[in-house]
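Any read-out appearing in this document is the output of simple, stated calculations on the displayed coordinates, not a laboratory observation. These numbers come from a predicted model, not from an experiment. Note that each Cβ is placed from the backbone with ideal geometry, even for glycine, and that neighbours are counted across all protein chains shown.
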Amino acid sequence: NAGVTQTPKFQVLKTGQSMTLQCAQDMNHNSMYWYRQDPGMGLRLIYYSASEGTTDKGEVPNGYNVSRLNKREFSLRLESAAPSQTSVYFCASSERASPLYEQYFGPGTRLTVT
Amino acid sequence: EDKVVQSPLSLVVHEGDTVTLNCSYEVTNFRSLLWYKQEKKAPTFLFMLTSSGIEKKSGRLSSILDKKELSSILNITATQTGDSAIYLCATLHWAGGTSYGKLTFGQGTILTVHP
């Protein structure tokens, strides 16, 4: 099992450009999440999908959109990138959205917006 | 506001030493506490502790949850250079008005193990 995979690993964008980060999991998990990690801020939830067909905002959703394409895949889109979105982005999944199920993380995407 | 605090923020030891990492939390609707190890990439899941499982052990790593003191410790015995990483503590709890378990992370403890 690959677990949670993300593409790309690295990306540099100019302000105003758009891009989509891809995430897939092969653990048959129902719930998927997108986090960003910034120095001194820890990991913060951007969006989550409790189950296929549903998505909801997390703590820092502004400037992002998501799509739960199917049970395996959950993508994060930056429509008009800003330097404040420079960060490391992690996708995660869990069997269910309940707080009794641990979340497993992908390898991350390091995004720089100039 | 939900809060998870880890201490120390960084720790330097030599191989063979035993270390104890601390985590305290103040969250509403607490359900579980998790420990992750983060090297250069993704946080790797280590343990989950709940009211029905307050002590976990795996090899040289062990963790205890103290629900009365709202805290947890992660012990690593006979440390090795491969244990060098950031150790993250996080709580899972129902986020009010939502349908998911919210994961709130501490700042992490940077552990460096010298040969």
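Points to keep in mind about this one:
- Hydrodynamic radius by Kirkwood, which averages 1/r over all alpha carbon pairs of chain A, in angstrom: 13.9
- Under the shape rule built on the C-alpha gyration tensor, where the axes satisfy a ≥ b ≥ c, the protein assembly as shown is prolate, since a/c reaches at least 1.5 and a/b is greater than b/c.
- Computed across region B:11-115, the Kirkwood hydrodynamic radius from all distinct Cα-Cα pairs reaches 14.2 Å.
- Here the Karplus curve 6.51 cos²θ - 1.76 cosθ + 1.60, taken at θ = phi - 60°, turns the phi angles of region B:71-78 into couplings of 8, 8, 10, 10, 9, 10, 9, 6 Hz, with x standing for Gly and Pro.
- Karplus-derived 3J(HN,Hα), 6.51/-1.76/1.60, for each residue of region A:97-114, Hz, glycine and proline x: 7, 5, x, 9, 10, 5, 9, 10, 9, x, x, x, 10, 8, 10, 10, 10, 9
- Alpha-carbon centroids, region A:57-114 and region B:26-73: separation in whole Å: 23
- Calculated FRET efficiency for the pair A:Ser80/B:Glu15, C-beta based, R₀ 35 Å, to 0.05: 0.10
- In order along region B:87-93, the Karplus-derived 3J(HN,Hα) couplings, from 6.51 cos²θ - 1.76 cosθ + 1.60 at θ = phi - 60°, round to 9, 10, 9, 8, 10, 10, 7 Hz, and Gly and Pro are given as x.
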